[in-house]
Amino acid sequence: RTADGTWRHIESTVMRYRVPGEQDQLLVTARDVSDQVALRQQVTHLTFHDGLTGLPNRAYLEERARDGLRRRGDGTEAGVVFLDLDGFTAVNDSVGHGAGDLVLAQAARRLRAIVPPHDTVARWGGDEFAVLIDGAPGVQDIADTAERMAGTISSAPFRVASRDIVVTASVGVALADGSPPGLVLRNADVAMSKAKDSGGGRVEVFAAH
């Protein structure tokens, strides 16, 4: 902690300092490495976050899923919700990719606002988002989150360049059932595809059959 009250990262070495006939002392040498630490943190953030929405990215979610989708032993439930914006290609074609990016950024804010703070909302890629739900009281809570996600996307038009753009969402849910995390993520993706193939604007829960 510096004299003005701010905190800095330092790298220190400590050596014993001896003078014959006197008490031993410690010699501390410190080097300010705050800039290097800040750069490492920035690189880590860029590696695991999406530049457009500010959300964690696919790599971050896959990393979290290794622990978050493990077999539960505490009575809680875990799962993954995938969401795809219906007709997003048409948005890009009609108003341009810049406007499409604004829709994605607004969609990200809506999702983050309605998903519990301890759950991870990520941009999976393109117009797809994913939510890792860890420690839900029950299966119904996961399904309710999926329904809220679909509802918040269609609840109001997205305002872009003085235009109202109406978008719905196809949502897929997969529950942690002891399967490898990668398989649970794939199952959620399959359920989302089923919702889209069924006309979009709906939620599907993965079932093996």
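The values are calculated or read from the model by the stated rules, or taken from the named source; none is laboratory data. Since we're looking at a predicted model, the values are computed, not measured. Using ideal geometry, Cβ is built from the backbone for each residue, glycine included, and neighbour counts are taken over all protein chains shown. With ligands, DNA and RNA removed, areas are computed over all heavy atoms of the protein, side chains included. Shrake-Rupley method; radii C 1.70, N 1.55, O 1.52, S 1.80 Å.
Overall size of the chain from C-alpha positions, given as principal axis extents largest first: 88, 48, 24 Å. Evaluated at q = 0.24 Å⁻¹, a Debye calculation over the C-alpha positions of segment 1-96 (equal weights, vacuum) places log10 I(q)/I(0) at -1.21.
Hydrodynamic estimate: the Kirkwood radius of segment 1-48 over Cα pairs, inserted into Stokes-Einstein at 4 °C and 1.567 mPa s, corresponds to D of 96 µm²/s.
Segment 1-81: which chymotrypsin sites (Phe, Trp or Tyr not before Pro) are DSSP loop and have at most 15 other beta-carbon atoms within 10 angstrom?
Passing both the DSSP loop test and the Cβ count: 7.
What helices in the chain pass both tests, a Cα length along the helix axis of 20 Å or more and a mean Kyte hydropathy of 0.0 or higher, using whole DSSP H runs?
On the way: long enough: 34-48 (21 Å, -0.22); 97-114 (26 Å, 0.26); 139-154 (23 Å, -0.04); 181-197 (24 Å, -0.14).
Counting only whole DSSP H runs, the qualifying helices are 97-114.
For residue 9, the accessible area of its heavy atoms, probed at 1.4 Å with every protein chain present, is near 90 square angstrom. If you model segment 100-209 as an ellipsoid using its alpha carbon gyration tensor, with each semi-axis the square root of five times an eigenvalue, the axes come out at 24, 15, 12 Å, biggest first.
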